[in-house]
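Working notes, structure below.
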Amino acid sequence: MHAGPAPGPPPRNTGPQRIPRPLDDPSCGFAGRVVAWSAADQPTSRRRDDARARDPRDPHDGDEELTTQESRAGRQRAAAAETDTKVGSARESVDIPSPETASAEIAVVGMAVMGSNLARNLGRHGYRVAVYDHWADRTVAMMEKNGDEGTFVPSGTVEDLARSLERPRRIILLVKAGEVTDQVIDTLLPHLEEGDIVVDGGNSFFEDTRRREAKLRELGFHFVGAGVSGGEVGALEGPSIMPGGSTESYEALGPMLEDISAHVDGEPCCTHIGPDGSGHFVKMVHNGIEYADIQFIGEAYELLSAAGFSHEEAAGVFEEWNTGDLDSYLIEITADVLRQIDAKTGEPLLDVIVDAAGMKGTGTWTVQTALDLATPVNTIAESVFARAVSSHTTLRRSAQRVLTGPGGTLEVEDRAAFVADLRDSLWASKVIAYAQGLDQIRMAGEEYGWDVDMAEVAKIWRAGCIIRAELLNRIRDEYAGGDLETLLEAPSVSDGLARCQDGWRRTIGRAVQAGVPVPGFSAAVAYYDMVRAPRVNAAMTQGLRDYFGAHTYRRTDAEGSFHTLWSGDRSEITVD
């Protein structure tokens, strides 16, 4: 099926597109250049090899793209106010000619930090990359600063963007999730042809991705929801990429994504996850596991502090842990954070950061979706709730005035034994979080028909992403070696948990007695004990439900459902 214009290049605009100079650059140096920038076209002084953070004063947040003209004008006025630029004042322009040929192999839409860094990554790998942003000064700035890093084809309009691309078109969107993504897609569609591929590289909710994939498939296009993890540095140097979508789309797109992804022992941290929203689902769960991992690290840090460890001493503990089974990116950077000194006060930075944790929603989505699937992820849930409690300042102030308990300090005689127990608690809890997250992916695969390969998921998380860890090598090997119902039944994992559980339990006991909150560690050991128990308290739950609501129960010695006539003679009846 064909949608949009008839096959072939759309009608050309007359004349080059006029794009304002960036507000802070009085001398853009590429007026009149050919459309394709390459290293030979740009002076060496323009080179920028690092992944630079966006200035927090930047009026553009890196997400709003292709909005209405009225909205855009309002934002331009706000930007002008922030930079002391008079609205309507004369500003020089540069010419970006319309492309003469379809020369670009792939496009990136959205030139904020993530988008520009991914475009640079593609360019550094030798691909010809079309770049576009609704805010034209971002495109200009990217070309001025980084245009020497590859062959780039900038566009001033969506029409020119579509014209610049080889067929099938491959267009990666790195824009704000939600309504903005839909707006961008709707703006692109009239300029696409059957078989073209649109990729959403943002943190979109997987159900939105399923909806978009179905819509574009109906129109004859391919839609790929690709989870991209690693932040702005990963986007530039090699992220972990989790693309969903059709097999046909991956055949055209996958080799490029694998090429620019992180690699471990020559293997790319990118694989075809499965159909429609599977890629974004796996990325969502990745983020949920990240929430739990960070919570566990926070609890370990808090217990070290309660035991009298200085920031430097605690940093040394994490540094040592990072040389063994706990080797991971998050453990590594924890030592850096602990050692960071605040330039303004001379105090440890952690002591001047407000004790309230933020979140952007993917952890919440993970928990909500787990509830829909009836899949327990209590370690992830507790990490989300812990952030919520930390930010509930009025609740905490009120409670601090009236609630009593232990003072939150630990008397530790044998520091080495205490640290060993804490290390076992951290490792065992991390394993539980991974097991729960992977089980959620497995259950979603059954629900939506995705057939996700768990060994492949573990493989692509080993580098490039935030939760990259030595543990993932073990997880990958265990899933590759057999069909596991849960990670916990893998021999090396169950043996490790058996070795760690004494220290794990001692740590939680000490924390409770001292009044140090450890909701993550506690949730993890509770899950461990529940899944290994022959019977739990569910019989009482069913008995009570049957008593007050006639919800019935099943028996251990007979098939079918039953109800006791609690308000009558208390005889039992069979319920169909």
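Figures for the structure shown
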item: Rounded, prolate or oblate (a/c below 1.5 giving rounded, otherwise prolate when a/b exceeds b/c) for the stretch 184-339 by Cα gyration tensor; result: prolate
item: Mean-position separation - Cα centroids, the stretch 358-413 and the stretch 441-515, in angstrom; result: 22
item: Vicinal HN-Hα couplings computed from phi for the stretch 468-478 (Karplus, 6.51 cos²θ - 1.76 cosθ + 1.60; Hz; Gly/Pro x); result: 4, 7, 4, 3, 5, 5, 5, 4, 4, 5, 5
item: Relative contact order of the stretch 112-155, pairs being alpha-carbon contacts under 8 Å that are 6 or more residues apart, as %; result: 47
item: Three-way shape label, the stretch 441-576, alpha-carbon gyration tensor, a/c 1.5; result: oblate
item: Whole-percent carbon and sulfur share, accessible surface of the stretch 143-284, 1.4 Å; result: 47
item: Rounded Å value of the spacing that divides the Cα centres of the stretch 182-208 and the stretch 258-333; result: 31
item: DSSP-defined antiparallel bridges as percent of all bridges, the stretch 196-250, nearest 5; result: 50
item: Beta bridges by DSSP in the stretch 125-259, antiparallel share as percent, to the nearest 5; result: 25
item: Vicinal HN-Hα couplings computed from phi for the stretch 390-400 (Karplus, 6.51 cos²θ - 1.76 cosθ + 1.60; Hz; Gly/Pro x); result: 4, 8, 8, 5, 5, 4, 5, 5, 5, 5, 4
item: Three-way shape call for the stretch 322-420 based on the alpha-carbon gyration tensor, with the a/c threshold at 1.5; result: rounded
item: Residues whose placed amide H lies under 5 Å from that of Val575, excluding near-sequence neighbours; result: Ser561, Phe562, His563
item: In sequence order, calculated HN-Hα J values of the stretch 345-361 (Karplus, 6.51, -1.76, 1.60; Hz; x Gly/Pro); result: 10, x, 8, x, 4, 4, 6, 10, 7, 4, 7, 8, 8, x, 7, 10, x
item: Peptides 406-416, 297-307 ordered by average Cβ neighbours within 10 Å, highest first; result: 297-307, 406-416
item: Per-peptide average of other Cβ atoms within 10 Å, ordering 212-219, 430-437 highest first; result: 430-437, 212-219
item: Protection proxy ranking of 475-485, 235-245 - average other beta-carbon atoms within 10 Å, highest first; result: 235-245, 475-485
item: Extension gain from Asp342 to Ala214, taking 0.36 nm per residue of separation minus the Cα-Cα distance; result: 41.1 nm
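The values are calculated or read from the model by the stated rules, or taken from the named source; none is laboratory data. What you see is a predicted model; the values in this text were computed from it and never measured. Cβ sites come from the backbone with ideal geometry, for glycine too, and all protein chains shown count toward neighbours. These accessible areas exclude ligands, DNA and RNA; they are computed on the full protein's heavy atoms, side chains included. Shrake-Rupley method; radii C 1.70, N 1.55, O 1.52, S 1.80 Å.
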